[in-house]
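Undergrad: Here it is, the structure, as structure tokens.
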Amino acid sequence: MRFQKLDLNLLVALDALLRERSISRAAEQLHLSQSAMSSALARLRTYFGDDLLVPVGRKLELTSRAEVLKEAVRDVLMRVDTAIAAAPEFNPSESDRNFQLIVSDYTAITLIPHVLALAQKQSRTVRFDLIPLLERPQRALENGEADLLVIPRSYGLSDHPAETLFEEGFCCAVWNESRFARSVELTAKQYETAGHVVVQPADVDKPTPEDGLIQLHGNARRVEATTFSFMGAPYLVVGTDRIATMRVRLARIAQRSLPITLLPLPMPIPLMQQTQQWHKHRTRDPGLVWLRGLMHEAVLRMDAEPDQAPPG
């Protein structure tokens, strides 16, 4: 099919080339030979009157024209996928769809088990891929490489819809035999002078919501250990006098198997809003409508557990 003398099949090749910045990787993604992808690139260069990809050292870089085309082409293909390729209805008991969710280990441990349990009651064939929160996870959502992004609202994308799943508070986790465990509550001075375990997710340069909110209080913690894993933090306080500032739901789960005590934070900080976000062109995708509803049901199931009351 052609539109204004452009073979529309070339748009798929162009999208892969602009995202991968590699002829071989784009060819592999589309199950084409490298020579066929090279031919497609030559035709695209002729049509647009631009090199699109130029060698810089050992890499290919986008020209300014290609940078402009990149988002426009992805947007067109997303619209086509949503309007034409998506099924008009979704029956989980008959579907073998594979949903891709970008989540942190916090979400994977607290919420996703409930999602999977509820999903299994409706389908034995629907599958789920959990994708870690790597650098710029929002890009995967925009590129159509993920169905849902589960993330604090402050990290989300303003151009795409989002729903609040739940709000989350914070608490302090300390070893049962530490000097702090004997206290009814921590004082601000104890908190400030203690050693801390801090979570910094891999490849994410923005501070976590708890870090950002604590910093607003002018609190300068003495960081003695960092970890990429939210679930790893409570393990690192065991055997020490360190403090890990944790999200309450995850701290409650950790307390089931670790010798830790949970104490209230010595300063009030706002609750974190955990959201689910999807591409704006997929709002009416029947499968995603089902999945988003399932996520809300999972929150109710998660919070029905008896040990989810706030500490302190």
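Undergrad: Using the scaling law 2.2 N^0.38 Å as the reference, what is the normalised Cα Rg of the chain?
TA: Relative to the rule-of-thumb radius for its length, the chain sits at 1.22.
Undergrad: Right, next: Once the Cβ-Cβ distance between SER33 and THR63 is put in as r, and R0 is 22 Å, what FRET efficiency do you end up with, to the nearest 0.05?
TA: Computed FRET efficiency for SER33 and THR63: 0.35.
Undergrad: DSSP loop trypsin sites (Lys or Arg not before Pro) in the range 212-298 with at most 15 other Cβ atoms within 10 Å of their Cβ, which ones?
TA: Answer by residue number: ARG256, ARG284.
Undergrad: Continuing with the same structure: Compute the acute angle (0 to 90°) between the alpha-carbon long axis of helix 64-80 and the principal axis of greatest extent of the alpha-carbon atoms of the chain; round to the nearest 10°.
TA: Tilt of helix 64-80: around 80 degrees.
Undergrad: Taking the chain as the reference, fit the longest principal axis to its C-alpha atoms, fit the long axis of helix 286-303 to the helix C-alpha atoms, and give the angle between the two in degrees, 0 to 90, nearest 10.
TA: On a 0 to 90 degree scale, this one is about 10.
Undergrad: Let me ask something else about it. Quick one: putting +1 on the C-beta of Lys and Arg, -1 on the C-beta of Asp and Glu, what dipole do you get for the chain around its Cα centre, in Debye to the nearest 20?
TA: Using only the charged Cβ atoms, the result is roughly 300 debye.
Undergrad: Let me ask something else about it. With runs of 4+ DSSP H residues as the only contributors, calculate the mean residue ellipticity of the chain at 222 nm using -39,500 (n - 2.57) per run, divided by the residue total and rounded to the nearest 500.
TA: The helix-only estimate for the chain comes to -11000 deg cm²/dmol at 222 nm.
Undergrad: Still on this model: Just subtract the alpha-carbon distance of ARG256 and ARG21 from 0.36 nm times their residue separation and send over the number in nm, one decimal.
TA: Additional length available on full extension: 79.9 nm.
Undergrad: Restricting things to alpha carbons, find the Rg to Rh ratio for the range 170-270 using the Kirkwood radius for Rh.
TA: Taking Rh as the inverse mean 1/r over Cα pairs, Rg/Rh reads 0.92.
Undergrad: Over the chain, what relative contact order in percent results from Cα pairs under 8 Å that are six or more residues apart?
TA: 21 percent
Undergrad: Sorted from fewest to most neighbouring beta carbons within 10 Å, what does the list VAL238, VAL150 look like?
TA: Sorted ascending by nearby Cβ count, the order is VAL238, VAL150.
Undergrad: Normalising by the residue count of the range 170-270, find the relative contact order in percent from Cα pairs under 8 Å and 6+ residues apart.
TA: 49 percent
Undergrad: THR187 to SER229: extension gain in nm, 0.36 nm per residue of separation minus the Cα-Cα distance?
TA: Full-extension gain reported as 12.5 nm.
Undergrad: In degrees, nearest 10, range 0 to 90: what is the angle between the Cα axis of helix 34-48 and the longest Cα principal axis of the chain?
TA: Once rounded, the angle reads 80 degrees.
Since every read-out is calculated from the coordinates, none of them should be taken as a lab result. Every value quoted in this text rests on a predicted model; they were computed, and no experiment measured them. FYI the Cβ positions are ideal-geometry reconstructions off the backbone, even for glycines, and counts take in every protein chain you see.
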